[in-house]
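Every read-out reported here was derived from the displayed coordinates using simple, explicitly stated rules and does not represent laboratory data. Computed from a predicted structure; not experimentally measured. Every residue, glycine among them, receives a Cβ derived from its backbone with ideal geometry; neighbour counts consider all protein chains shown.
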Amino acid sequence: MRLALLTSGGDSPGMNAAIRAVVRQADALGVGILGVRRGFEGLIEGDWRDLRSRDCANILQRGGTILHTARCREWLDPAVRAKAHGALRAEGVQGLVIIGGDGSFRGAQALWEEHGMPCAGIPGTIDNDLPGTDLTLGFDTALNTAVEAIDRIRDTASSHERLFLVEVMGRHSGMIAVHTALACGAEAVLYPESESDHYEALLANLQASWARGKKASIIVVAEGDRLGSAYVVGERLRKEHNLDLRVVVLGHIQRGGSPSAMDRIWGSRWGAEAVRRLAAGSGAFYLGRLNGDLVAQPMEALLGPPPVPPAFLGELVPILSR
Ligand code: ATP
């Protein structure tokens, strides 16, 4: 048996752990792995080579993806997919392992629906926003990176008795923002799924904390918050309340770095499981974790609502920063 393997969409820490597990589990089962570079772009261009166990030496602890990744508009064209599928079949490929987010899974699902190519998805995205799993690869590392950065910012915030707005990743999801805010004792968190009129709530929280004599504050802002970016919120606070505040955007440092033990462990488990299931004849599915257990979902589960940060976590943030 021969399987193709690719990483697609945004990179996330732990992708290399999953690649290593796919290749080595396949090796143990006598299955060949064709490593495709640059996601669907590489599939279209035939940019691939065989991967063997020794090709994965010393990558477990490295961030990013040794296969490189890309976003690829051409893949949306069924004719392009048909051509790529023909090229894969010509190489003797009987299934695909894809590490990426929901968009990447949809791209793989199209190969299954149009050409019957079995595919296994490994949830590789720092946002932790895929239906059917309570963990995605890279989330734990990104969270820890954000918390570590904010701990450093807090030192200067408290020395200067200053307000800092820190923007974290999450264009559509507040998962990173809410968990980061809780883990670093922020005064408030602004995130897209929150229901309250959070500008008013934010002001009330800040005023209450100033009244209690607290001068240094951290506000965590998800990049996709309804009020706008941290710069927009900061400007409004500055203008309306004459505050001497600072804005920090953590940006891409949250994507990089050595994966946490949690991301290495789940990348390894999902990688091995993907190969085992494809070798046993499974169709199209993606892997996840629910209540601590490894689970497989049919690709159709992607249509379900994405997970949102529990409201009570967001509400806990200002209570615990008193
Ligand atoms: P991230 O969470 O990092 O954004 P993602 O996998 O969701 O990861 P996308 O940019 O949404 O990232 O998708 C990656 C690629 O998957 C796209 O560039 C495109 O090639 C393919 N893709 C996305 N949606 C579809 C779709 N509906 N049909 C076919 N292919 C798709």
At 222 nm, what value in deg cm²/dmol follows for the chain if DSSP H runs of at least 4 each add -39500 (n - 2.57) and the sum is divided by all its residues, to the nearest 500? -13500 deg cm²/dmol
Give the distance, in whole Å, between the Cα centre of segment 90-115 and the Cα centre of segment 119-185. 29
Reach of Lys239 by Cα under 17 Å, taken over aspartates and glutamates that are not fewer than 8 positions away in the same chain: Glu200
Amide N proximity, segment 145-187 versus Ile265 label position 7 Å along Cα-to-Cβ, cut-off under 12 Å: none
Estimated Rh, the chain: Kirkwood, alpha-carbon pairs, angstrom: 20.6
State the Cα centre-to-centre distance between segment 6-54 and segment 241-275 in whole Å. 21
P(r) weight above 13 Å for segment 283-322, C-alpha pairs, percent: 68
Label Met1 and Ala82 with points 7 Å out from Cα along Cα→Cβ: what is the distance between them in nm? 2.9
I'm a student and want to see the number: the projected area of the Cα convex hull of segment 33-149, averaged over all directions, in nm². 8.2
Within the chain: Cβ-based charge dipole about Cα centre, in debye rounded to nearest 20 (Lys, Arg +1; Asp, Glu -1): 800
Can you list the aspartates and glutamates whose alpha carbon sits under 17 Å from that of Lys215, skipping same-chain ones fewer than 8 residues off? Asp151, Asp155, Glu161, Glu187, Asp244
Report the one residue of Leu43, Leu5, Ala57 whose Cα lies farthest in the direction of the positive end of the charge dipole of segment 1-65 (charges on C-beta: Lys and Arg +1, Asp and Glu -1; origin at the Cα centre). Ala57
Cβ-Cβ FRET estimate between His115 and Leu29, R0 fixed at 22 Å, reported to 0.05: 0.40
So which GluC sites (Glu not before Pro) in segment 170-201 pass both tests, a DSSP loop state and at most 13 other Cβ atoms within 10 Å of the Cβ? Glu195
